[in-house]
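Bear in mind that the values in this text are calculations on the coordinates, not laboratory data. Predicted model only: the values in this text are computed from it and were never measured. Backbone-built Cβ (ideal geometry, glycine too); neighbour counts: all protein chains shown.
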Amino acid sequence: MIGGVGAAARASDWRDQMRGFIVGTLATALAFAILTFLLKPNIAYTGEIGGLIVLALIAGVVNGLIKPIVRLLSLPVRVATLGLFSLVINGVMLILVAWLASFLSLHFSVGGYPPKFSIDTIIWAIVGAIVLSIINTIIGHFIHD
């Protein structure tokens with residue numbers, strides 16, 4: 001009897017986690033769609049809705065695996081700049097998402113990158129990261145994953 005209750009609870013937890021993952025991915029895809037609409041042509045995506053979902057998955061992997069390591073390694077710089085360096089980190093993560101998306105033939109560009117990398121790329125990546133966090137905050141008030 002006890003094993004049956006535990007199995008049902010685990011199945012329920014698994015469903016809740018999967019639902020949260022799906023809702024979070026769709027919310028991120030929506031955030032990227034709004035971002036590219038607001039900041040076009042400097043941050044652009046030309047493709048199908050399925051590509052936005054793949055883009056959201058790439059962003060999730062980058063933010064879940066790479067960003068924590070970068071944040072830890074840059075801790076002294078973040079402390080010295082009172083956290084402002086986090087804007088640069090978020091911009092670099094957005095550029096990394098664009099670079100990884102290019103390998104999957106997703107047409108997502110930040111300030112012309114890929115293929116052209118310039119100071120505009122860095123500036124628009126930081127602006128895009130700020131706008132993306134604002135969009136995610138607004139979406140988070142309406143959609144709870």
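Dividing the summed helix terms, -39500 (n - 2.57) for each DSSP H run of n ≥ 4, by the number of residues in the chain produces a 222 nm estimate of -24500 deg cm²/dmol to the nearest 500. Between TRP99 and ILE134, the modelled label-to-label distance comes to 2.7 nm, taking each label 7 Å out from Cα in the direction of the beta carbon. The distance separating the Cα centre of segment 118-136 from that of segment 1-80 comes to 18 Å. Seen from PHE85, the other residues with C-beta closer than 12 Å to its C-beta sum to a net charge of +2, counting Lys and Arg as +1 and Asp and Glu as -1. Only the Cβ atoms of Lys and Arg (+1) and of Asp and Glu (-1) were treated as charged; on that basis the dipole of the chain about its Cα centre amounts to roughly 180 debye. For PHE117, PHE85, PHE103, the sequence from fewest to most other C-beta atoms within 10 Å is PHE103, PHE117, PHE85.
Just want the answer: with Cβ charges of +1 for Lys and Arg and -1 for Asp and Glu, which residue in VAL127, THR137, LEU72 is farthest toward the dipole's positive end in the chain? Value: LEU72. Computed from the C-alpha gyration tensor, the three semi-axes of the ellipsoid equivalent to segment 2-142 are 30, 20, 14 Å, from longest to shortest.
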